[in-house]
Amino acid sequence: MRAIAPGRVNLIGDHTDYTGGLVFPMAIDRFTTIDADVRDTQTIELHSQDEEQDAIIQLPVTKDNSFASGWARYIAAVASECNPTRGIKGNISTTIPIGSGLSSSAALEVATALALGFSGSASELARLAQRAEHIATGVPTGIMDQLCIASAKQHHAMLIDCNILEIEHIALPENVQVLVRFITHRTLVGSQYAERVKQCSDAESIIGPLRKATLASVDSISDLTTRIRARHVISENQRVRDFALALKSNDLVTAGSLMNQSHTSLANDFSTSTPAMDNAVSELQQTTGVFGARMTGGGFGGCVVALCSRDAQIEGWKVSAAGAAHIA
(Lines give C-alpha, C1' and ligand atoms only; values in the text may rest on other atoms or scores of the structure.)
Protein backbone atom coordinates (compact mmCIF):
# COMPACT_ATOMS: atom_id res chain seq x y z
CA MET A 1 0.00 0.00 0.00
CA ARG A 2 1.28 3.45 -0.91
CA ALA A 3 -0.34 6.69 0.34
CA ILE A 4 0.76 9.90 -1.38
CA ALA A 5 -0.04 13.47 -0.29
CA PRO A 6 1.25 16.68 -1.89
CA GLY A 7 2.45 19.83 -0.20
CA ARG A 8 0.74 23.13 -0.91
CA VAL A 9 1.58 26.75 -1.63
CA ASN A 10 -0.92 29.54 -1.09
CA LEU A 11 -1.02 32.08 -3.89
CA ILE A 12 -3.16 34.56 -1.93
CA GLY A 13 -5.46 34.58 1.08
CA ASP A 14 -3.53 34.07 4.32
CA HIS A 15 -4.96 34.20 7.83
CA THR A 16 -8.47 34.16 6.44
CA ASP A 17 -9.32 30.45 6.70
CA TYR A 18 -9.85 30.29 10.47
CA THR A 19 -12.48 33.03 10.19
CA GLY A 20 -14.30 31.16 7.44
CA GLY A 21 -12.92 33.39 4.72
CA LEU A 22 -11.50 32.85 1.23
CA VAL A 23 -8.16 31.33 0.21
CA PHE A 24 -6.48 30.51 -3.09
CA PRO A 25 -3.91 27.69 -2.70
CA MET A 26 -2.65 24.97 -4.98
CA ALA A 27 -1.12 21.58 -4.29
CA ILE A 28 2.48 21.30 -5.47
CA ASP A 29 4.61 18.58 -6.98
CA ARG A 30 6.42 17.85 -3.71
CA PHE A 31 5.06 14.81 -1.88
CA THR A 32 4.99 12.84 1.35
CA THR A 33 4.75 9.12 0.67
CA ILE A 34 3.98 6.27 3.05
CA ASP A 35 4.86 2.76 1.83
CA ALA A 36 3.46 0.30 4.34
CA ASP A 37 1.98 -3.13 4.84
CA VAL A 38 -1.29 -3.55 6.72
CA ARG A 39 -0.86 -6.03 9.55
CA ASP A 40 -3.12 -7.86 12.00
CA THR A 41 -1.41 -6.15 14.91
CA GLN A 42 -2.20 -3.28 17.25
CA THR A 43 0.92 -1.31 16.39
CA ILE A 44 1.82 1.42 13.93
CA GLU A 45 5.52 1.26 13.06
CA LEU A 46 6.85 3.87 10.64
CA HIS A 47 10.42 4.75 9.78
CA SER A 48 11.29 8.14 8.31
CA GLN A 49 14.48 8.78 6.41
CA ASP A 50 14.44 12.34 7.77
CA GLU A 51 14.11 11.48 11.47
CA GLU A 52 16.38 9.69 13.92
CA GLN A 53 13.59 7.98 15.84
CA ASP A 54 10.90 5.72 14.42
CA ALA A 55 7.24 6.32 15.17
CA ILE A 56 5.94 3.36 17.16
CA ILE A 57 2.33 3.82 18.23
CA GLN A 58 0.24 1.32 20.18
CA LEU A 59 -3.43 1.04 19.23
CA PRO A 60 -5.97 2.14 20.13
CA VAL A 61 -4.91 5.74 20.62
CA THR A 62 -7.39 7.76 22.68
CA LYS A 63 -7.52 11.38 23.77
CA ASP A 64 -6.60 10.22 27.29
CA ASN A 65 -3.40 8.50 26.17
CA SER A 66 -0.03 10.17 26.51
CA PHE A 67 0.93 11.20 23.00
CA ALA A 68 4.26 10.45 21.42
CA SER A 69 6.80 13.23 21.08
CA GLY A 70 8.43 14.71 18.00
CA TRP A 71 7.09 13.85 14.57
CA ALA A 72 5.39 10.70 15.92
CA ARG A 73 2.78 12.89 17.64
CA TYR A 74 1.24 13.64 14.23
CA ILE A 75 0.88 9.90 13.55
CA ALA A 76 -0.63 9.31 16.98
CA ALA A 77 -3.04 12.24 16.59
CA VAL A 78 -4.31 10.94 13.25
CA ALA A 79 -4.68 7.43 14.70
CA SER A 80 -6.75 8.85 17.56
CA GLU A 81 -9.15 10.31 14.97
CA CYS A 82 -9.15 7.34 12.55
CA ASN A 83 -9.44 4.65 15.25
CA PRO A 84 -7.91 1.96 12.99
CA THR A 85 -8.54 -1.69 13.86
CA ARG A 86 -5.25 -2.93 12.39
CA GLY A 87 -1.71 -1.68 12.44
CA ILE A 88 0.73 -0.87 9.66
CA LYS A 89 4.48 -1.14 9.25
CA GLY A 90 6.49 0.77 6.67
CA ASN A 91 8.48 3.80 5.62
CA ILE A 92 7.84 7.50 5.12
CA SER A 93 9.69 9.68 2.64
CA THR A 94 9.10 13.28 1.63
CA THR A 95 10.24 15.79 -0.95
CA ILE A 96 8.44 18.62 0.89
CA PRO A 97 11.08 20.68 2.70
CA ILE A 98 10.23 20.38 6.40
CA GLY A 99 9.72 23.69 8.19
CA SER A 100 9.36 25.62 4.94
CA GLY A 101 5.70 26.57 5.33
CA LEU A 102 4.63 24.27 2.48
CA SER A 103 2.38 22.10 4.66
CA SER A 104 4.65 19.15 5.35
CA SER A 105 2.69 18.43 8.55
CA ALA A 106 -0.70 18.52 6.79
CA ALA A 107 0.63 16.23 4.04
CA LEU A 108 1.85 13.81 6.71
CA GLU A 109 -1.53 13.87 8.45
CA VAL A 110 -3.50 13.27 5.25
CA ALA A 111 -1.15 10.53 4.04
CA THR A 112 -1.31 8.82 7.44
CA ALA A 113 -5.11 8.86 7.46
CA LEU A 114 -5.20 7.25 4.02
CA ALA A 115 -2.60 4.67 5.04
CA LEU A 116 -4.72 3.79 8.07
CA GLY A 117 -7.72 3.09 5.87
CA PHE A 118 -9.72 6.33 5.85
CA SER A 119 -12.36 6.13 3.11
CA GLY A 120 -14.62 9.18 3.51
CA SER A 121 -15.00 12.31 1.43
CA ALA A 122 -12.26 14.84 0.79
CA SER A 123 -13.85 17.36 3.16
CA GLU A 124 -14.19 14.70 5.87
CA LEU A 125 -10.54 13.77 5.37
CA ALA A 126 -9.54 17.41 5.65
CA ARG A 127 -11.51 17.94 8.85
CA LEU A 128 -10.02 14.80 10.39
CA ALA A 129 -6.50 15.93 9.53
CA GLN A 130 -7.21 19.43 10.86
CA ARG A 131 -8.38 17.97 14.18
CA ALA A 132 -5.21 15.90 14.30
CA GLU A 133 -3.12 19.04 13.73
CA HIS A 134 -4.84 20.74 16.66
CA ILE A 135 -4.22 17.71 18.88
CA ALA A 136 -0.59 17.35 17.86
CA THR A 137 0.43 21.01 18.05
CA GLY A 138 -2.12 22.86 20.12
CA VAL A 139 -2.17 25.57 17.41
CA PRO A 140 -5.71 26.57 16.26
CA THR A 141 -4.96 26.44 12.54
CA GLY A 142 -7.57 26.76 9.80
CA ILE A 143 -8.51 24.10 7.28
CA MET A 144 -6.86 25.47 4.13
CA ASP A 145 -3.83 23.17 4.09
CA GLN A 146 -5.64 19.90 4.66
CA LEU A 147 -8.54 20.71 2.33
CA CYS A 148 -6.22 21.77 -0.47
CA ILE A 149 -4.17 18.58 -0.15
CA ALA A 150 -7.26 16.36 0.01
CA SER A 151 -9.13 18.07 -2.85
CA ALA A 152 -6.55 19.35 -5.36
CA LYS A 153 -6.81 18.97 -9.12
CA GLN A 154 -3.76 18.76 -11.37
CA HIS A 155 -2.92 21.94 -13.33
CA HIS A 156 -5.40 23.91 -11.20
CA ALA A 157 -5.34 26.19 -8.19
CA MET A 158 -8.35 26.35 -5.87
CA LEU A 159 -10.69 29.08 -4.70
CA ILE A 160 -11.93 27.80 -1.34
CA ASP A 161 -14.68 29.24 0.81
CA CYS A 162 -13.54 28.02 4.23
CA ASN A 163 -16.95 28.69 5.81
CA ILE A 164 -18.89 26.17 3.73
CA LEU A 165 -15.87 24.27 2.27
CA GLU A 166 -16.95 25.12 -1.26
CA ILE A 167 -14.19 24.66 -3.84
CA GLU A 168 -13.81 26.06 -7.33
CA HIS A 169 -10.90 24.62 -9.34
CA ILE A 170 -9.38 27.30 -11.56
CA ALA A 171 -6.91 26.39 -14.28
CA LEU A 172 -3.56 28.13 -14.17
CA PRO A 173 -2.81 30.06 -17.37
CA GLU A 174 -0.32 28.26 -19.58
CA ASN A 175 1.88 31.34 -19.86
CA VAL A 176 2.74 31.55 -16.16
CA GLN A 177 4.85 29.65 -13.70
CA VAL A 178 4.74 29.60 -9.91
CA LEU A 179 8.06 30.01 -8.14
CA VAL A 180 8.72 29.32 -4.46
CA ARG A 181 11.81 30.54 -2.65
CA PHE A 182 12.75 29.26 0.80
CA ILE A 183 13.78 32.01 3.23
CA THR A 184 14.00 30.71 6.79
CA HIS A 185 12.93 27.65 8.76
CA ARG A 186 9.74 28.17 10.73
CA THR A 187 7.22 26.41 12.93
CA LEU A 188 3.82 27.68 14.02
CA VAL A 189 4.30 26.04 17.43
CA GLY A 190 5.56 28.77 19.71
CA SER A 191 4.82 31.49 17.15
CA GLN A 192 2.26 34.28 17.46
CA TYR A 193 -0.24 32.39 15.27
CA ALA A 194 -2.64 31.63 18.14
CA GLU A 195 -2.47 35.29 19.17
CA ARG A 196 -3.57 36.33 15.67
CA VAL A 197 -6.50 33.91 15.86
CA LYS A 198 -7.57 35.47 19.15
CA GLN A 199 -7.23 39.01 17.78
CA CYS A 200 -9.52 38.11 14.89
CA SER A 201 -11.98 36.57 17.34
CA ASP A 202 -11.88 39.78 19.37
CA ALA A 203 -12.67 41.77 16.22
CA GLU A 204 -15.59 39.49 15.40
CA SER A 205 -17.03 39.99 18.88
CA ILE A 206 -17.34 43.68 17.96
CA ILE A 207 -18.31 43.75 14.26
CA GLY A 208 -19.49 40.20 13.57
CA PRO A 209 -18.02 37.59 11.20
CA LEU A 210 -15.07 39.05 9.31
CA ARG A 211 -16.05 37.14 6.17
CA LYS A 212 -19.19 39.32 6.00
CA ALA A 213 -17.75 42.57 7.38
CA THR A 214 -16.89 45.68 5.38
CA LEU A 215 -13.86 47.91 5.72
CA ALA A 216 -16.13 50.70 6.91
CA SER A 217 -17.13 48.62 9.94
CA VAL A 218 -13.51 48.41 11.08
CA ASP A 219 -13.64 52.03 12.25
CA SER A 220 -15.87 50.97 15.15
CA ILE A 221 -13.03 48.93 16.67
CA SER A 222 -11.27 51.17 19.17
CA ASP A 223 -8.18 49.04 19.80
CA LEU A 224 -5.64 49.76 17.05
CA THR A 225 -4.11 46.29 16.89
CA THR A 226 -7.48 44.56 16.71
CA ARG A 227 -8.59 47.07 14.08
CA ILE A 228 -5.69 46.50 11.72
CA ARG A 229 -5.89 42.72 12.10
CA ALA A 230 -9.53 42.90 11.02
CA ARG A 231 -8.62 45.25 8.18
CA HIS A 232 -6.18 42.70 6.80
CA VAL A 233 -8.69 39.84 6.87
CA ILE A 234 -11.50 41.84 5.26
CA SER A 235 -9.28 43.32 2.55
CA GLU A 236 -7.59 39.96 1.95
CA ASN A 237 -10.90 38.26 1.29
CA GLN A 238 -11.63 40.83 -1.41
CA ARG A 239 -8.16 40.39 -2.88
CA VAL A 240 -8.82 36.66 -3.18
CA ARG A 241 -12.05 37.32 -5.10
CA ASP A 242 -10.30 39.78 -7.40
CA PHE A 243 -7.32 37.45 -7.89
CA ALA A 244 -9.58 34.60 -8.99
CA LEU A 245 -11.26 36.83 -11.57
CA ALA A 246 -7.91 38.13 -12.83
CA LEU A 247 -6.50 34.62 -13.22
CA LYS A 248 -9.59 33.45 -15.10
CA SER A 249 -9.18 36.29 -17.58
CA ASN A 250 -5.39 35.85 -17.80
CA ASP A 251 -4.89 39.35 -16.41
CA LEU A 252 -1.53 38.57 -14.85
CA VAL A 253 -0.61 42.18 -14.16
CA THR A 254 -3.66 42.61 -11.94
CA ALA A 255 -3.12 39.21 -10.31
CA GLY A 256 0.48 40.12 -9.51
CA SER A 257 -0.49 43.51 -8.13
CA LEU A 258 -2.96 41.84 -5.77
CA MET A 259 -0.21 39.50 -4.52
CA ASN A 260 2.00 42.53 -3.84
CA GLN A 261 -0.83 44.22 -1.94
CA SER A 262 -1.40 41.05 0.05
CA HIS A 263 2.20 40.98 1.22
CA THR A 264 2.05 44.61 2.30
CA SER A 265 -1.09 43.89 4.31
CA LEU A 266 0.41 40.79 5.93
CA ALA A 267 3.59 42.69 6.79
CA ASN A 268 2.00 45.92 8.04
CA ASP A 269 -1.50 45.09 9.29
CA PHE A 270 -0.97 41.47 10.37
CA SER A 271 2.73 41.56 11.33
CA THR A 272 3.49 38.03 10.15
CA SER A 273 6.39 38.80 7.82
CA THR A 274 10.08 39.16 8.72
CA PRO A 275 12.81 41.49 7.40
CA ALA A 276 14.33 38.60 5.43
CA MET A 277 10.98 37.79 3.82
CA ASP A 278 10.30 41.46 3.07
CA ASN A 279 13.69 41.77 1.36
CA ALA A 280 13.13 38.62 -0.70
CA VAL A 281 9.67 39.76 -1.77
CA SER A 282 10.94 43.23 -2.70
CA GLU A 283 13.74 41.71 -4.79
CA LEU A 284 11.32 39.44 -6.63
CA GLN A 285 8.81 42.22 -7.23
CA GLN A 286 11.51 44.23 -8.97
CA THR A 287 12.72 41.29 -11.11
CA THR A 288 11.90 41.19 -14.81
CA GLY A 289 9.36 38.48 -15.54
CA VAL A 290 7.74 38.60 -12.07
CA PHE A 291 4.12 39.76 -11.98
CA GLY A 292 3.83 39.66 -8.20
CA ALA A 293 5.30 38.14 -5.06
CA ARG A 294 4.36 37.69 -1.43
CA MET A 295 5.02 35.66 1.68
CA THR A 296 2.99 32.45 1.79
CA GLY A 297 1.50 30.36 4.56
CA GLY A 298 1.22 31.25 8.22
CA GLY A 299 4.26 33.51 8.20
CA PHE A 300 6.97 34.08 10.80
CA GLY A 301 9.42 32.54 8.31
CA GLY A 302 9.05 29.89 5.65
CA CYS A 303 8.78 30.69 1.94
CA VAL A 304 7.79 33.43 -0.45
CA VAL A 305 5.88 32.77 -3.67
CA ALA A 306 5.99 34.58 -7.01
CA LEU A 307 3.81 34.53 -10.11
CA CYS A 308 6.16 34.70 -13.09
CA SER A 309 6.14 34.57 -16.86
CA ARG A 310 6.72 31.11 -18.29
CA ASP A 311 10.16 31.93 -19.73
CA ALA A 312 11.52 33.79 -16.67
CA GLN A 313 14.76 32.36 -15.32
CA ILE A 314 14.64 33.13 -11.61
CA GLU A 315 16.29 31.39 -8.67
CA GLY A 316 13.90 29.23 -6.67
CA TRP A 317 11.75 26.11 -6.88
CA LYS A 318 9.49 26.08 -9.91
CA VAL A 319 6.41 24.17 -8.76
CA SER A 320 3.55 22.68 -10.73
CA ALA A 321 -0.03 22.20 -9.58
CA ALA A 322 -0.44 18.61 -8.39
CA GLY A 323 -3.49 16.44 -7.85
CA ALA A 324 -5.07 15.35 -4.58
CA ALA A 325 -3.73 12.91 -2.02
CA HIS A 326 -4.51 9.31 -2.91
CA ILE A 327 -3.69 5.64 -2.51
CA ALA A 328 -1.51 4.45 -5.38
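The values are calculated or read from the model by the stated rules, or taken from the named source; none is laboratory data. Keep in mind it's a predicted model, so treat the numbers as computed, not measured. Here the Cβ is made from the backbone with ideal geometry for all residues, glycine too, and neighbour counts use every protein chain on show.
A count restricted to region 287-328 and to residues that are at pLDDT 95 or above, within 30 Å of residue 112 (Cβ to Cβ) and of a type in the set (A, V, I, L, M) stands at 9.
Is region 134-141 home to any residue that is crowded, with 19+ Cβ neighbours inside 10 Å, at pLDDT 95 or above and either within 29 Å of residue 76 (Cα to Cα) or over 16 Å from the mean Cα position of the chain (by Cα) (or both)? No, region 134-141 has no match at all.
One line per residue, one yes/no per condition, for (1) surrounded by fewer than 21 Cβ atoms within 10 Å (Cβ to Cβ); (2) in contact with a Cys (Cβ under 6 Å, 6 or more places away or on another chain); (3) modelled with pLDDT of 95 or more; (4) under 21 Å from residue 305 (Cβ atoms):
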| site | (1), (2), (3), (4) |
| --- | --- |
| 172 | yes, no, yes, yes |
| 188 | no, no, no, yes |
| 203 | no, no, yes, no |
| 214 | yes, no, yes, no |
| 218 | no, no, yes, no |
| 225 | yes, no, yes, no |
| 237 | no, no, yes, yes |
| 240 | no, no, yes, yes |
| 251 | yes, no, yes, yes |
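Residues that are in contact with a Ser or Thr (Cβ under 6 Å, 6 or more places away or on another chain) and not in a strand (DSSP E or B) were ranked within region 81-98; the one that is nearest to residue 35 (Cα to Cα) is 96. Considering 41, 95, 33, 62, the condition of being closer than 30 Å to residue 256 by Cβ and touching a residue at least 12 places away in the same chain (Cβ under 8 Å) is satisfied by 95 alone. Is it true that some residue in region 22-29 is touching a strand residue (DSSP E or B) at 6+ places or on another chain (Cβ under 7 Å), assigned to a loop (DSSP other than H, G, I, E, B) and under 20 Å from residue 3 (Cβ atoms)? Scanning region 22-29 turns up no residue that is touching a strand residue (DSSP E or B) at 6+ places or on another chain (Cβ under 7 Å), assigned to a loop (DSSP other than H, G, I, E, B) and under 20 Å from residue 3 (Cβ atoms).
The condition (being on the phi < 0 side of the Ramachandran plot, surrounded by fewer than 24 Cβ atoms within 10 Å (Cβ to Cβ), in contact with a Leu (Cβ under 8 Å, 6 or more places away or on another chain) and of a type in the set (Asp, Glu)) is satisfied by just one residue among 54, 50, 37: 54. Listed by first and then second residue, the pairs linking a residue in region 107-120 that is charged (D, E, K, R) to a residue that is crowded, with 24+ Cβ neighbours inside 10 Å, with Cβ atoms under 7 Å apart and 6 or more places separating them unless they lie on different chains, are 109/74; 109/78; 109/129; 109/132; 109/133; 109/146.
Would you check if residue 273 is under 23 Å from the mean Cα position of the chain (by Cα) and over 14 Å from residue 259 (Cβ atoms)? For residue 273, the condition - under 23 Å from the mean Cα position of the chain (by Cα) and over 14 Å from residue 259 (Cβ atoms) - is not met.
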